[in-house]
Amino acid sequence: MLTDLLPLAMLGGVLGLDVVSFPQAMISRPLVAATLTGVMLGQSASGLLIGAALELIALETLPIGASRYPEWGSASVVGAAIFATHLTHPAGAMTLAVFAALATAWVGGWTMVQLRRWNAVWARHWRDALEAGSRGAVTSLQLLGMTTDLVRGALLTAAAYAALAPITTACLGLWSTDPRVSRAVIVTITASIAGGAAWKLFHTTHGARWFFVGGLALGFLILIVR
Amino acid sequence: MTPASAHAVPSVPAASPELPLGTRIAIFVRLLAIQGAWNYEIMMGNGIGFCVEPALRLLPGGVHTPRFKAALARQSRYFNAHPYLAAVAVGALARAELDGEPPERIERFRTALCGPLGSVGDRLVWAGWLPFCSLAALALFGLGAGTLPVVAFFLLLYNVGHLGVRLWGLQTGWTHGLRVAQSLANPVMRHGPQQIGRLAALAAGMALPLALVRIIGSGRTLIGAVLVAVAVGAVVIVRLQARVEGWRLALGVLVLFILLSVLR
């Protein structure tokens, strides 16, 4: 178990760090993070598939300033690892993996708020040194914040995977819904959120709805022609 | 413009001194970590000090002088902006400190920059460029592209914009110093969010059906019902958006569906 957990935790730590602290290159987006997890587990196609499903949900998340939002980096590692370890993708595997990712993202958002509070505590602790223009204090505060964020992501990934992977396996043993219906339900949920997110983001942009309709027509045309 | 105000804010900026390459690289690398100590009290203030610090080493006398310490203390106080656009502030503040601008003027400038750099960055990047890149990559995925093309396309496209904004911001801030506000009125900043929004809407329209069909796999026989359900679901989410976020709603629905599938 530990040999499975350690690489996942390290990946979760690095991807959790990317969300806000360093370097915000969006390797923490589900499409990338889940695929990287899949690659690490030798199941890149599974990683991409679950990553695309999670990306549809993550479209809704705008990581704006002090707002609280789901932490997708570590969450995508957990969701993708759970999905990729069930090689044949049995009925319910994607549903349970998305659930695991969402639950982890929720807790991850909470841990980010706690980290920001701790950063404030440390900033207060070093206030005198910061007001005196200490290079050491400025650099230490920055490095401490980033290190804690890395550890936060790693611990979150390890704890979430350790807790949710056995639950997923147990649930799959009892799963009774038809595989096609199971997949249809999860796709409906993710695409509905993406549709809602697209409206939320672009409805105030002049002419955007016609671009959306045009894109939709193009998309369906491609599907029909293929 | 009165002679007095013309003296306070010269209309023709002085030629910018050269920032050594090593210092420029150090600042740029630090910009990637500008939110490393983000918190609810001074926001990214410490990050600004952290990024400006390599430039402050160029002050006469180096790092052990009262001038260096006063400048670093000033730059490490409260500041909030979009993390990428904060590069503009870092460049401008570094220039202002090295030019020996009066401290109270630098502090007023710092305060005035927060709002514009935050709102422009949020509209341009978080609500524009990021969703556009994400949707374009999802469209590529829906077209059947493999792992490497999809991930490489997203990362390259997004980071061309991301790193480009940071580089431009640092250069622009350094070049214009305290007069940098004018550069935020350039066409990309003013019209960029609208144009990117339209492209993203086009990508959203394309990506949704294509990605949906690829993900659904064995459930493809139910595609008609799924499309109707997606349309209804999206309307419900839009109607509920002020009260509950879509992902929370999804979590609730998934719990019910899992319980139904396991306990039945």
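Within the stretch A:86-130, being modelled with pLDDT of 95 or more and of a type in the set (Val, Ile, Thr) holds for A:THR95, A:VAL98, A:THR104, A:VAL107, A:THR111, A:VAL113, A:VAL121. Scan the stretch A:51-76 and report the pairs whose first residue is free of Cβ contacts under 8 Å to residues at least 24 places away in the same chain and whose second residue is part of a loop (DSSP other than H, G, I, E, B) and of a type in the set (Asp, Glu), with Cβ atoms within less than 9 Å and a gap of 6+ or a chain change. Final answer for the pair search is A:THR61/B:GLU245. Entry remark, the stretch B:224-251: residues being of a type in the set (A, V, I, L, M) and crowded, with 16+ Cβ neighbours inside 10 Å number 10 in total.
Only one entry in A:ALA45, A:ALA33 is within 11 Å of chain B (Cβ to nearest Cβ), without any contact (Cβ under 8 Å) to a residue 12 or more places away in the chain and within 17 Å of B:PHE153 (Cα to Cα), namely A:ALA45. The set of residues in the stretch A:164-175 that are of a type in the set (A, V, I, L, M, F, W, C) and surrounded by 14 or more Cβ atoms within 10 Å (Cβ to Cβ) comprises A:LEU164, A:ALA165, A:ILE167, A:CYS171, A:LEU172, A:TRP175. Checked across the stretch A:11-29, the condition of being touching a Pro at 6+ places or on another chain (Cβ under 6 Å), closer than 26 Å to B:GLY144 by Cα and more than 8 Å from chain B (Cβ to nearest Cβ) holds for no residue. The single residue among B:VAL160, B:VAL180, B:VAL150 that is assigned to a helix (DSSP H, G or I), surrounded by fewer than 17 Cβ atoms within 10 Å (Cβ to Cβ) and among the β-branched types (Val, Ile, Thr) turns out to be B:VAL160.
Each residue in the stretch A:182-196 was checked for being closer than 16 Å to B:GLY205 by Cα and either more than 7 Å from chain B (Cβ to nearest Cβ) or among the acidic types (Asp, Glu) (or both), and 1 pass.
For every residue, the table says whether it meets (1) over 24 Å from B:VAL236 (Cβ atoms); (2) of a type in the set (Phe, Trp, Tyr); (3) outside any loop (DSSP other than H, G, I, E, B).
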site	(1), (2), (3)
A:ALA170	yes, no, yes
A:THR177	no, no, no
A:VAL181	no, no, yes
A:ILE186	no, no, yes
A:ALA191	no, no, yes
A:THR204	no, no, no
A:LEU218	yes, no, yes
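The values are calculated or read from the model by the stated rules, or taken from the named source; none is laboratory data. Just so you know, these numbers come straight off a predicted model, no measurement behind them. With ideal geometry, Cβ positions are generated from the backbone for all residues, glycine too; neighbour counts draw on all protein chains shown.
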